[in-house]
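The values are calculated or read from the model by the stated rules, or taken from the named source; none is laboratory data. None of these values were measured; they are calculated from a predicted model. Because the Cβ atoms are built from the backbone with ideal geometry, glycine has one as well, and the counts that use them run over all protein chains shown. The accessibility values were calculated without ligands, DNA or RNA, using every heavy atom of the protein model including side chains. Shrake-Rupley method; radii C 1.70, N 1.55, O 1.52, S 1.80 Å.
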Amino acid sequence: MPDTTAPALPDTPAELLRAVRERKQAADRNDVEMMRLGVHWADLHLADPEHAEACFTSPKTFAGEGSPSIDEFCVPEFATMLGRTCDSAGRFLTECVEVAYRLPQLWGAVQAGLVAGWRARVIAQTTLDLTLEAATYVDSQVFWCANRLTPSALGRVVDEARVRHMPDALEKALEKSADKRNVTFDTQQVSFDGTMHLEADLEIPDALALREAVASGAEHLAKLGSTDTVDGRRATALGDLARRQLTIGFDTDEDHRDPSAVEELAQRASKPAAPVTQIVIYAHLSADAITSPLGNGSGTGEALCARVEQAGQRLLSVEQIRAWCGRPDAAVVVKPVIDLRERLETKGYAPTAAMREFVVVRDGTCVFPWCGRNARHGDIDHIVPYDHDHPDRGGPTSTDNLAALCRRHHRLKTKGRWRYRMTEPGVFDWTSPLGWTYRRDHTGSRCTGRAWPDPGHALGDDQPGVPDLHPPDQ
């Protein structure tokens with residue numbers, strides 16, 4: 001049994017700081033070594049230009065101008081070994097390739113231990129869209145001082161590189177970025193209490209007007225007896241503004257000229273707001289659990305919850321859902337409970353709408369390891385491929401042979417030699433082209449070992465009693 005006792009900690013502040021320094025230096029060396037491994041992984045998977053489908057569509061490189069074309073399908077194997085998403089691992093490989101191929105002086109300083117790997121990757125993020133000449137200029141200006149370069153100083157160097165070597169592109173970029181206004185609703189990061197994050201960059205007059213309107217609404221709610229905090233009243237007031245606008249709508253020039261239309265708009269504004277916001281809920285509870293005053297499913301005491309469709313299937317409390325049901329301005333649509341133990345099947349290739357809904361609710365996200373893309377926006381894949389010429393010989397169109405995959409990982413499974421199977425509802429075992437296995441279930445993703453020994457492993461083919469588990473192509 002392994003020893004789980006933690007090592008003793010330093011006794012004095014001086015010893016503790018010395019230990020911190022040693023661990024930091026070791027972590028920096030490991031980071032650089034991981035970058036070297038990442039660059040070598042990319043070098044081992046240079047793409048064949050004759051097979052365009054195995055490359056990124058535009059450009060066919062990880063990094064900027066002058067870097068090599070890389071086989072797109074090498075990313076998932078690297079990503080799953082790290083326990084990261086393909087996007088995250090792809091960004092890491094991109095930054096490593098950018099440093100190694102387009103910032104060679106900086107790369108030399110990193111390998112010599114003069115520059116931290118993470119600092120080099122930050123610099124690489126700013127040079128990806130530069131021409132090779134501009135990137136070379138940045139490299140010559142920062143490699144010797146990268147460890148003490150501030151973000152603002154780095155920005156000035158990159159801007160100077162654009163001015164010196166990319167004047168036409170700089171002018172276009174300035175025109176494109178002149179309007180920085182935006183409003184962003186983060187539907188994936190939703191809290192258990194039913195809140196959603198909102199960010200906005202507005203013109204100053206619009207921002208000040210919105211601030212005054214929200215403050216006025218919050219004050220009005222306080223006068224009506226609201227016991228919420230100031231922030232809570234402000235948030236409610238912002239929602240009231242939106243629902244009022246959706247109820248009234250937008251008038252046109254014809255409305256201004258037509259007295260009856262003006263009177264109708266005034267009447268609509270004076271009436272209570274009709275439900276204008278639809279919240280789609282996938283219930284994992286009985287219908288009376290929402291309406292029961294005890295909120296416990298007729299006294300059973302079971303934990304109750306529901307998932308909101310527009311919020312990335314985020315779990316919410318029944319108390320929050322019940323509060324929404326009592327609001328006149330929100331229409332709460334409760335979808336019927338889907339029995340995930342039921343097996344649905346249809347003749348033909350395309351699954352029915354009910355089957356697609358079943359798979360989306362069961363899987364929640366793409367079932368590739370560590371992928372979190374919403375299942376509703378992806379594809380429904382036949383785990384055992386459907387045989388269009390001989391349907392009776394291929395995989396059936398049934399819920400026990402269907403899974404949710406995003407388009408990237410659907411394509412990876414079809415053309416990238418990854419394979420998987422569903423061992424039980426919602427549990428998927430994946431095998432990579434190099435033989436590593438991963439399990440994805442409702443708890444997340446994890447590596448489960450290998451499907452066959454590594455080439456040259458101690459358990460070789462000549463060892464008695466050990467079957468040949470190598471795939472046919474090895």
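Selection of segment 425-474 for residues being modelled with pLDDT of 90 or more and outside any strand (DSSP E or B) yields PRO425, GLY426, SER432, PRO433, LEU434, GLY435. Residues that are among the basic types (Lys, Arg) and in contact (Cβ under 8 Å) with a residue 40 or more places away in the chain within segment 73-107 comprise just one, ARG84.
When the residues of segment 158-192 are filtered to those that are farther than 19 Å from LEU202 by Cβ, part of a loop (DSSP other than H, G, I, E, B) and of a type outside the set (Gly, Ala, Ser), the one that is modelled with the lowest pLDDT is PHE192.
Restricting attention to segment 62-98 and to residues that are closer than 18 Å to LEU412 by Cα and among the β-branched types (Val, Ile, Thr), the residue that is modelled with the lowest pLDDT turns out to be ILE70. For first residues located in segment 194-220 and under 16 Å from VAL183 (Cβ atoms) and touching a residue at least 40 places away in the same chain (Cβ under 8 Å), partners that are outside any strand (DSSP E or B) and among the small types (Gly, Ala, Ser) and lie 6+ apart or on another chain with Cβ distances below 7 Å form the pairs MET196/ALA311. Evaluated against (1) open to solvent by 20 Å² or more (accessible area, probe 1.4 Å); (2) under 26 Å from THR414 (Cα atoms); (3) modelled with pLDDT under 95, TRP41 falls short on exactly one condition, (3). Here is a list of conditions, (1) closer than 30 Å to THR437 by Cβ; (2) modelled with pLDDT of 95 or more, and CYS55 meets all of them except one; can you say which number that is? So the condition that CYS55 fails would be (2). Residues of segment 99-152 that are more than 21 Å from GLY38 (Cβ to Cβ), open to solvent by 20 Å² or more (accessible area, probe 1.4 Å) and part of a loop (DSSP other than H, G, I, E, B): THR131, TRP144, LEU149, THR150. Would it be correct to say that GLU77 is open to solvent by less than 70 Å² (accessible area, probe 1.4 Å) and either touching a strand residue (DSSP E or B) at 6+ places or on another chain (Cβ under 8 Å) or within 24 Å of GLN25 (Cα to Cα) (or both)? Against the criterion (open to solvent by less than 70 Å² (accessible area, probe 1.4 Å) and either touching a strand residue (DSSP E or B) at 6+ places or on another chain (Cβ under 8 Å) or within 24 Å of GLN25 (Cα to Cα) (or both)), GLU77 qualifies.
Taking segment 405-421 as the range and being open to solvent by less than 40 Å² (accessible area, probe 1.4 Å) and in a strand (DSSP E or B) as the test, the residues that pass are LEU405, TYR420. Applying the condition of being open to solvent by less than 90 Å² (accessible area, probe 1.4 Å), part of a helix (DSSP H, G or I) and of a type in the set (D, E, K, R) to segment 206-233 and asking which residue is modelled with the highest pLDDT yields ARG233.
Among the residues of segment 348-364, how many are within 21 Å of LYS415 (Cα to Cα) and open to solvent by less than 40 Å² (accessible area, probe 1.4 Å)? Working first, answer last.
Restricting attention to segment 348-364, the residues satisfying the condition of being within 21 Å of LYS415 (Cα to Cα) are 349-350.
Applying the additional criterion that residues be open to solvent by less than 40 Å² (accessible area, probe 1.4 Å) yields none.
Result for segment 348-364: 0.
Applying the set (1) open to solvent by less than 20 Å² (accessible area, probe 1.4 Å); (2) within 24 Å of ARG417 (Cβ to Cβ) to TRP370 leaves exactly one unmet item: (1). For segment 425-438, name all the residues that are under 23 Å from LEU402 (Cα atoms) and touching a residue at least 60 places away in the same chain (Cβ under 8 Å). Hits for segment 425-438 are PRO425, GLY426, PHE428, TRP430, SER432, PRO433, TRP436, TYR438. Kindly provide the set of residues from segment 21-38 that are open to solvent by 80 Å² or more (accessible area, probe 1.4 Å) and more than 21 Å from MET81 (Cβ to Cβ), ordered by number. Those that are open to solvent by 80 Å² or more (accessible area, probe 1.4 Å) and more than 21 Å from MET81 (Cβ to Cβ): ARG21, GLU22, ARG23, LYS24. Would you check if there is a residue in segment 377-397 being assigned to a helix (DSSP H, G or I) and either open to solvent by 80 Å² or more (accessible area, probe 1.4 Å) or farther than 19 Å from PHE73 by Cβ (or both)? Looking for residues that are assigned to a helix (DSSP H, G or I) and either open to solvent by 80 Å² or more (accessible area, probe 1.4 Å) or farther than 19 Å from PHE73 by Cβ (or both), one finds at least one in segment 377-397, hence yes.
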